[in-house]
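In what follows, a structure is listed as structure tokens, so that the remarks can point back to it.
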Amino acid sequence: MNVRRLPAALLLLLLASCAGLPSITPRDDRGRPEAGDAFGGAHRGFPDGRWQVLHAIRAEMADGRALVMMGLTLMSARDRTHRSVLLTLEGFVVFDAEYDGRLTVHRALPPFDSPHFAEGLMEDIRLIFFEPDGPVVASGTLKDGGAVRRHRLPDGGTVDLELLPGDDWRIRRYDPSETLTRTVRATHGRGDQNGFPQAVELTAAGGQDYRLTMTLIEAVPAN
């Protein structure tokens, strides 16, 4: 089959048909602990308690635009609530919203005034910082040998948490049809004393494609 001659729509259909969750190899019969046990209790990438976190953010949009801004997030892991603010480098607030079981937008200036943007950004914040809201359905190793723990979400989707070398980690989020919609890659680097990674890159796909690169500036407990 000559892929180069396929109509674009057919090629997209073939690519979509390849969607599916990667297989996980569980613990073997010799009693070795499965690789997913390396996560311990909570995934090491998720903070516990209440935090105020400041990042420098570079957003690359599907239309080729690149935006540089600051992102301030106040979060409570126990309550699964957060307030997220985007600011220009001069300190002007262009987006301010909070989530406490429902979404409330306090301020949203163009190009951040789309309801889809607000919903997507706040979901992305929860994906990055909060333990998945669903049970563990599998753990072990992937084909490449990496440790993984799989959660089933209330909406029927799936989140895979992967441990990578050097204390790095990755999150893959799949929709109910098992199509990959989000990939989060954390690079720990020097990080900080509270365990927050030095950089987090989120890639979004599925109709509203973009990439966020978040570089940690400060993470402090919020009492």
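The values are calculated or read from the model by the stated rules, or taken from the named source; none is laboratory data. Small disclaimer: the values here were computed from a predicted structure and weren't measured. Here the Cβ is made from the backbone with ideal geometry for all residues, glycine too, and neighbour counts use every protein chain on show.
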task = Of the numbered conditions (1) touching a strand residue (DSSP E or B) at 6+ places or on another chain (Cβ under 6 Å); (2) surrounded by 13 or more Cβ atoms within 10 Å (Cβ to Cβ); (3) among the charged types (D, E, K, R), E218 fails exactly one; give the number of that condition.
result = (2)
message = Given the options T104, T88, T81, name the one that is surrounded by 16 or more Cβ atoms within 10 Å (Cβ to Cβ) and touching a strand residue (DSSP E or B) at 6+ places or on another chain (Cβ under 8 Å).
response = T81
query = Which one is nearest to the chain's Cα centre (by Cα) among residues in segment 82-96 that are in a loop (DSSP other than H, G, I, E, B) and among the hydrophobic types (A, V, I, L, M, F, W, C)?
reply = L89
query = Cβ-Cβ below 6 Å, separation at least six or inter-chain, first residue in segment 67-84 and within 17 Å of G49 (Cβ to Cβ) and at pLDDT 95 or above, second hydrophobic (A, V, I, L, M, F, W, C) and in a strand (DSSP E or B): which pairs?
reply = T73/V53; M75/W51; H82/M75; R83/L74
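Does G134 satisfy the criteria of being surrounded by 16 or more Cβ atoms within 10 Å (Cβ to Cβ), at pLDDT 95 or above, of a type outside the set (D, E) and in contact with a Leu (Cβ under 6 Å, 6 or more places away or on another chain)? Can you show your working first?
Numbers: surrounded by 16 or more Cβ atoms within 10 Å (Cβ to Cβ): yes; at pLDDT 95 or above: no; of a type outside the set (D, E): yes; in contact with a Leu (Cβ under 6 Å, 6 or more places away or on another chain): yes.
Answer is no for this residue.
Can you name the residue in segment 171-215 that is in contact (Cβ under 8 Å) with a residue 40 or more places away in the chain and hydroxyl-bearing (S, T, Y) and, of all such residues, is farthest from F46 (Cα to Cα)?
Step one: of segment 171-215, the residues in contact (Cβ under 8 Å) with a residue 40 or more places away in the chain are 171, 173-174, 177-180, 182, 184, 186, 194-197, 200, 202, 204, 208-215.
After this cut, where a residue has to be hydroxyl-bearing (S, T, Y) as well, the list is 174, 177, 179, 210, 213, 215.
On the way: Y174: 19, S177: 26, T179: 24, Y210: 23, T213: 18, T215: 16 Å.
Top of the filtered list is S177.
For every residue, the table says whether it meets (1) polar (S, T, N, Q); (2) in a strand (DSSP E or B); (3) modelled with pLDDT of 95 or more; (4) under 30 Å from S23 (Cβ atoms).
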{"residue": "E98", "(1), (2), (3), (4)": "no, yes, yes, no"}
{"residue": "G101", "(1), (2), (3), (4)": "no, no, no, no"}
{"residue": "D113", "(1), (2), (3), (4)": "no, no, no, no"}
{"residue": "A118", "(1), (2), (3), (4)": "no, no, no, no"}
{"residue": "L121", "(1), (2), (3), (4)": "no, no, no, no"}
{"residue": "S139", "(1), (2), (3), (4)": "yes, yes, no, yes"}
